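Below you'll find the structure, written out as structure tokens, and then a few comments.
The values are calculated or read from the model by the stated rules, or taken from the named source; none is laboratory data. None of the values given here were measured: they were computed from a predicted structure. Here the Cβ is made from the backbone with ideal geometry for all residues, glycine too, and neighbour counts use every protein chain on show.
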């Protein structure tokens, strides 16, 4: 027993996008520590944007070079495969766009520690500025989002989950307006998030007890030899599932989503609704496919029920909402359900898997970019006390500001999946993949998949109802006399809306290039 | 032998989970979450012993670090909300609903 300690090998080149984001986050903390207050923002903005753009460029370079590794890197901790690179690219684009929105003045509180309504707060407001800590926090969260879906063992995944979540808990509490709501959202998100990650961790412990390792490869191997009815294993499977499904906001773990989305500052809501969802779906796919793929007869029925419940709950509860951000949150829950249909469609060692995987990735891309655009529009419709959240305030917006209302209506139609928008092709791809995988499996599974798709179509129809209701409200009712004002958008917000609109329209008209890209990324599947 | 530790860890986890669900003070709720994390640590270490490898013990260290980071963030949030509302009860934070 005199083994020399072997230095671990780390493939810095392959991990460069993630390392760049984390590095920039650390530099951001140093800037907070050493740069004078008046200079901080002018350092943070280029630092954050350039690091995200640079990380995106590094992802592109890897794709173009075709140097996608076929084995996990960093001693088996991180898997940078085709799906990872695609998801990284999507997350980096989304976070870049969200940072453009975060740059705007007026979203974040001047001093988070000051009690709302106190003299301290007035003083901080009068002194101007806002928390520039937001930038490093966002970078850490984005770094966690990159690590979370790419991790190749459960420990790395847990660390990624926490690195993604902890900054977001704080960011949720930093809204400048409606401080009480913001703080409440922050506390609810924190307590529920910590609760769910404890479940994830206990699941990890159980799986470790069964397999003797937390590496996905090792778990997969242990499952192919060991007893699949071990209670420890089944407990671990269900607890892991709880932790992951909480993050994507699937019913019955969806309760945090509307509260947090409504209370958080809107740019942060946009980041959570897009980046976190993409990362969490990626992680869910990887865990259930790479590590627990051999158990699919155990988790598939539960996932079926969760997908069905999520779609129905999201679509029906969205109808009753009176706040625009809450409505979008329920819409996000419904879309998480549609994504779970796609997750159901990857199973076994089927050839269909690559198609299902590419459908999910395509859906993630088009849905999340549209979401960011919709939230960017929400930031522009303002009351004296902040954003005009209540739906009644949006009445007649089409007459006051036809362009803005038209763009918002277009985003809503994309959510609903109307043809000629990107949302249509996203939904079509996922539903078609689910049907194909069902018919390939034959036997009873085929019928169940068809049932789920039918339910998905019904839920889409219900969802279309409340999207169209908002459109009707905007264009066919009279504006209130003291209606909300439309903020003059900053360059950043214009860019955000333009980019989202461009992608939503572009992919809606010419989906093929993007579908090809997703196919190509999914063709190698997740590495085991 | 491992079974004893697992039963203890399961009990701790259940006590923590029940505490999160029924206690009303945010600090106590948070302490219950920490209890759950410690239950995880116990399970990891017990399994490490059973499996005869060190991974579980190493994971326990990672969990401690993450728990410490979580305390920093969590207490900051709870203290802020206490200063605003003069109450740390999770029932009082009820503006966001339906």
Condition check for residue A:496: within 22 Å of the chain's Cα centre (by Cα), assigned to a helix (DSSP H, G or I) and within 17 Å of residue A:376 (Cα to Cα): yes
Matching residues, region A:29-55, being crowded, with 20+ Cβ neighbours inside 10 Å and within 23 Å of the chain's Cα centre (by Cα): A:48, A:51, A:52, A:55
Members of region A:222-240 that are over 22 Å from residue A:72 (Cβ atoms), in contact with a helix residue (DSSP H, G or I) (Cβ under 6 Å, 6 or more places away or on another chain) and either away from chain B (no Cβ under 11 Å) or not in a helix (DSSP H, G or I) (or both): A:230, A:233
Within region A:433-453, considering residues that are within 20 Å of residue A:519 (Cα to Cα) and modelled with pLDDT under 85, the one surrounded by the fewest Cβ atoms within 10 Å (Cβ to Cβ): A:440
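Given the criterion part of a helix (DSSP H, G or I), within 14 Å of another protein chain (Cβ to nearest Cβ) and in contact with a helix residue (DSSP H, G or I) (Cβ under 8 Å, 6 or more places away or on another chain), identify the matching residue among A:336, A:318.
Working: A:336 fails: within 14 Å of another protein chain (Cβ to nearest Cβ).
After applying the criteria, what remains is A:318.
I need a count of the residues in region A:508-528 that are in a helix (DSSP H, G or I) and farther than 28 Å from residue A:287 by Cβ. Before you say what the answer is, go through the steps one by one.
So the first thing to find is which residues in region A:508-528 are in a helix (DSSP H, G or I), and the list is A:508-509, A:512-523.
Of the ones still in play, those that are also farther than 28 Å from residue A:287 by Cβ are A:508-509, A:512-513.
Number of matching residues: 4.
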Output for region A:312-333, where each listed residue is closer than 15 Å to residue A:452 by Cβ and under 17 Å from the mean Cα position of the chain (by Cα): A:314
So residue B:17, is it under 22 Å from residue A:219 (Cβ atoms), touching a helix residue (DSSP H, G or I) at 6+ places or on another chain (Cβ under 9 Å) and modelled with pLDDT of 95 or more: no
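Quick check on my filter: what residues within region A:389-423 are touching a strand residue (DSSP E or B) at 6+ places or on another chain (Cβ under 8 Å) and either part of a helix (DSSP H, G or I) or surrounded by fewer than 22 Cβ atoms within 10 Å (Cβ to Cβ) (or both)?
Hits for region A:389-423 are A:390, A:391, A:393, A:394, A:397, A:400, A:401, A:404.
Quick one: in region A:57-80, which of the residues that are in a loop (DSSP other than H, G, I, E, B) and modelled with pLDDT of 90 or more is nearest to residue A:46 (Cα to Cα)? First the steps, then the outcome.
Residues of region A:57-80 in a loop (DSSP other than H, G, I, E, B): A:66-72, A:74-77, A:79-80.
Applying the additional criterion that residues be modelled with pLDDT of 90 or more yields A:77, A:79-80.
Values: A:77: 31, A:79: 30, A:80: 27 Å.
The residue in question is A:80.
Can you list the helices (runs of 4 or more DSSP H) found entirely within region A:104-221 that contain at least 3 residues being facing chain B (nearest Cβ under 9 Å) and either more than 19 Å from the chain's Cα centre (by Cα) or at positive phi (or both)? I'd like the intermediate steps shown before the answer.
Working: elements: A:119-127, A:134-150, A:154-172, A:179-211.
Filter on region A:104-221 gives A:179-211.
Against the definition (within 14 Å of another protein chain (Cβ to nearest Cβ) and buried (at least 21 other Cβ atoms within 10 Å of the Cβ)), how does residue A:98 come out, yes or no? If you could, list the steps in order and put the result at the bottom.
Values: within 14 Å of another protein chain (Cβ to nearest Cβ): no; buried (at least 21 other Cβ atoms within 10 Å of the Cβ): yes.
Answer is no for this residue.
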Residue identified as touching a strand residue (DSSP E or B) at 6+ places or on another chain (Cβ under 9 Å) and part of a loop (DSSP other than H, G, I, E, B) among A:14, A:9: A:9
Test: residue in region A:167-183 that is buried (at least 22 other Cβ atoms within 10 Å of the Cβ), farther than 17 Å from residue B:79 by Cβ and free of Cβ contacts under 8 Å to residues at least 40 places away in the same chain: yes
Complete set of residues in region A:444-493 that are over 25 Å from residue A:373 (Cβ atoms), in a helix (DSSP H, G or I) and touching a residue at least 12 places away in the same chain (Cβ under 8 Å): A:445, A:448, A:449, A:450, A:452, A:453, A:455
Residue A:76, sole failed condition from (1) within 26 Å of the chain's Cα centre (by Cα); (2) closer than 30 Å to residue A:286 by Cα; (3) surrounded by fewer than 16 Cβ atoms within 10 Å (Cβ to Cβ): (3)
